[in-house]
């Protein structure tokens, strides 16, 4: 984890075309995530977290500054990334397996090889589905799955093409507390095994501290990084750590920074 995988250098962005001086959604963002790292971004609603995600995937180009992913400048949409959102967005007419396979039908070079390697890709998808506890649900349609099951399938879909970077935008926000914590551990285990790079956007400070190596706090719009906290808790982590004093102290520290942001 010595080299940088994600770098934001003085990045600002406005959605007003031609308005290079703002108003900015995010402003002067400097951020670095090491190879194999897990970063979380927290902040009030409207602070620019979703804008940050769009810039990281290349769906938007920054108005100012430079973004480097895997040592290369970002000039357009990246095929090395996978994404999962708060809503699973599974296609209702496709089974769990078919939904998980979808990126391999779209993203090159997999798309061109789908016909000749379909058996191999199917086996890859089935292993992922089994790893998140969905064995036996491969042929079920989304309406036959609970919300937590749908989100597991969504995470599998984001990882099936083995991306180097996983971007998560409030992926567990709509789930009950028990299901959410169960999915924390599934994500933890997948990341531990594969060490893809993760950026997690969340409002849940416990989630950020439990999963991440470092947490960035963003200000109100225009979003700026106002605090960076390295999470120096030992790994591997289990849910028991969330009840310890060192864990709760970090959560309270981050909550205090969020409180200051809200007062500004």
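The values are calculated or read from the model by the stated rules, or taken from the named source; none is laboratory data. In this text the structure is predicted, and so the values were computed from the model without any measurement. Please note: Cβ atoms are built from the backbone with ideal geometry, for glycine as well, and neighbour counts cover all protein chains shown.
Things worth noting here:
- Residues of segment 119-157 that are farther than 20 Å from residue 93 by Cβ and touching a residue at least 40 places away in the same chain (Cβ under 8 Å): 131, 132, 133, 155.
- Criterion (farther than 17 Å from residue 41 by Cα and touching a helix residue (DSSP H, G or I) at 6+ places or on another chain (Cβ under 7 Å)) met by exactly one of 177, 153, 158, 193: 153
- Within the span defined as segment 198-220, one or more residues are under 25 Å from residue 256 (Cα atoms) and more than 17 Å from the chain's Cα centre (by Cα).
- Segment 218-232, residues that are assigned to a loop (DSSP other than H, G, I, E, B) and buried (at least 16 other Cβ atoms within 10 Å of the Cβ): 219, 220, 221, 222, 224, 231
- Restricting segment 165-184 to residues that are part of a loop (DSSP other than H, G, I, E, B) and in contact with a strand residue (DSSP E or B) (Cβ under 8 Å, 6 or more places away or on another chain), the residue that is surrounded by the fewest Cβ atoms within 10 Å (Cβ to Cβ): 170
- In this structure, residue 203 does not satisfy being free of Cβ contacts under 8 Å to residues at least 60 places away in the same chain and touching a strand residue (DSSP E or B) at 6+ places or on another chain (Cβ under 8 Å).
- In segment 3-31, residue farthest from residue 64 (Cα to Cα) [restricted to those that are within 21 Å of the chain's Cα centre (by Cα) and either in a loop (DSSP other than H, G, I, E, B) or free of Cβ contacts under 8 Å to residues at least 40 places away in the same chain (or both)]: 3
- Counting only residues that are surrounded by 16 or more Cβ atoms within 10 Å (Cβ to Cβ) and in a loop (DSSP other than H, G, I, E, B), segment 70-87 holds 6 of them.
- Of note, residue 221 does not satisfy the criterion of being in contact with a helix residue (DSSP H, G or I) (Cβ under 7 Å, 6 or more places away or on another chain) and either under 21 Å from residue 11 (Cβ atoms) or free of Cβ contacts under 8 Å to residues at least 60 places away in the same chain (or both).
- Residue count for segment 88-135 satisfying the condition of being assigned to a helix (DSSP H, G or I), buried (at least 18 other Cβ atoms within 10 Å of the Cβ) and within 20 Å of the chain's Cα centre (by Cα): 8.
- Single unsatisfied condition, residue 39 versus (1) surrounded by fewer than 21 Cβ atoms within 10 Å (Cβ to Cβ); (2) modelled with pLDDT of 95 or more; (3) under 20 Å from the mean Cα position of the chain (by Cα): (1)
- Residues (surrounded by fewer than 23 Cβ atoms within 10 Å (Cβ to Cβ) and touching a helix residue (DSSP H, G or I) at 6+ places or on another chain (Cβ under 8 Å)) located in segment 42-58: 44
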